1. Where residues in the stretch 185-222 are free of Cβ contacts under 8 Å to residues at least 40 places away in the same chain and within 25 Å of the chain's Cα centre (by Cα), which of them is farthest from Gln238 (Cα to Cα)?
2. Might you let me know whether the stretch 126-139 holds any residue that is assigned to a loop (DSSP other than H, G, I, E, B), of a type in the set (Asp, Glu) and at positive phi?
3. In the stretch 70-86, what residues are at pLDDT below 95, of a type outside the set (Lys, Arg) and under 18 Å from the mean Cα position of the chain (by Cα)?
4. For the list (1) surrounded by 19 or more Cβ atoms within 10 Å (Cβ to Cβ); (2) over 22 Å from Phe109 (Cα atoms), I need the number of the one condition that Ile209 fails.
5. Return the residues of the stretch 151-172 that are assigned to a loop (DSSP other than H, G, I, E, B) and within 17 Å of the chain's Cα centre (by Cα); say none if nothing qualifies.
Amino acid sequence: MKKLVQLIIFICFTLLYGSCNNSDNKTVSNLDNNKKENEVPIDCPLRKQGIDMNHMKPFADMEKYIEFLERKDRAIWQRPDTVISSMNLKGTETIADVGAGSGYFSFRFASKLPKGKVIAIDIEPEMIRHIHHKVMSSDIKNIEVVLASEDDPKVSEKVDIVFICDVLHHLKNRAEWLNKLSSEISKGAKLILIEFKEGNLPEGPPEKIKISSKEMLAVVSQAGFTLIRKNTTLLPYQNYFEFEKK
């Protein structure tokens with residue numbers, strides 16, 4: 001009789017332990033599944049464009065450059081809120097942020113466009129990856145990313161505004177690039193260009209690689225744009241130009 005009781009106790013303990021163990025396994029399995037579901041598909045846009053992810057720089061290697069672009073003191077002279085305010089947005093526009101970099105302006109635009117959209121464009125896959133990762137992890141619904149090339153900005157004809165900040169002076173073939181941009185957008189679309197002023201300034205590129213206002217106005221005009229507004233006092237080190245596609 002004693003042996004029978006011991007056997008029953010042993011069987012009950014075994015069943016109880018097995019049940020708890022299975023429950024733990026299910027919990028771990030559920031956690032793994034949840035983790036997979038929460039993983040951000042950071043490379044989807046790049047894979048779609050045929051980018052080999054194995055040749056991209058890791059996140060850690062890009063952190064310093066991103067930190068440089070996002071440094072707090074930049075806002076003192078870049079004045080992003082002032083720039084956006086001067087654009088008089090209605091909140092329904094589609095803006096192409098060409099040369100978006102870390103998304104310095106892209107994310108600010110997105111917050112001002114409740115019924116609009118931002119298309120963040122850059123030629124660096126790592127920057128596109130960074131913006132896309134932030135968009136997905138922050139659940140931002142109105143930012144798309146596009147990987148461009150050096151000779152094609154790849155701007156959609158549906159955009160209302162093309163925003164280009166501190167990019168034009170980097171371009172080798174400015175005339176060709178601007179002509180390509182002009183061919184991609186619709187008549188009446190706006191082009192906003194921000195470039196560093198001439199002279200010795202505490203911020204900005206070396207004088208030898210800057211583009212003068214005279215040269216810029218000439219090349220942009222030849223690409224089919226008309227200057228509708230110019231502000232040389234909005235920013236301390238940069239000029240603000242607003243054009244319209246003819």
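1. Out of the qualifying residues, it is Pro205.
2. yes
3. Glu70
4. All conditions pass for Ile209, except number (1).
5. Correct list: Pro153, Lys154, Val155, Ser156, Val159, Asp166, Val167.
Table: residues versus (1) touching a Leu at 6+ places or on another chain (Cβ under 7 Å); (2) of a type in the set (Ser, Thr, Tyr); (3) surrounded by fewer than 19 Cβ atoms within 10 Å (Cβ to Cβ).
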{"position": "Cys165", "(1), (2), (3)": "no, no, no"}
{"position": "Leu181", "(1), (2), (3)": "no, no, no"}
{"position": "Ile185", "(1), (2), (3)": "no, no, no"}
{"position": "Gly188", "(1), (2), (3)": "no, no, yes"}
{"position": "Gly199", "(1), (2), (3)": "no, no, yes"}
{"position": "Pro205", "(1), (2), (3)": "no, no, yes"}
{"position": "Ser213", "(1), (2), (3)": "no, yes, yes"}
{"position": "Met216", "(1), (2), (3)": "yes, no, no"}
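The values are calculated or read from the model by the stated rules, or taken from the named source; none is laboratory data. A quick note: this is a predicted structure, and the numbers were derived from the prediction, not measured. Here Cβ is always computed from backbone atoms with ideal geometry, including for glycine, and neighbour counts include all displayed protein chains.
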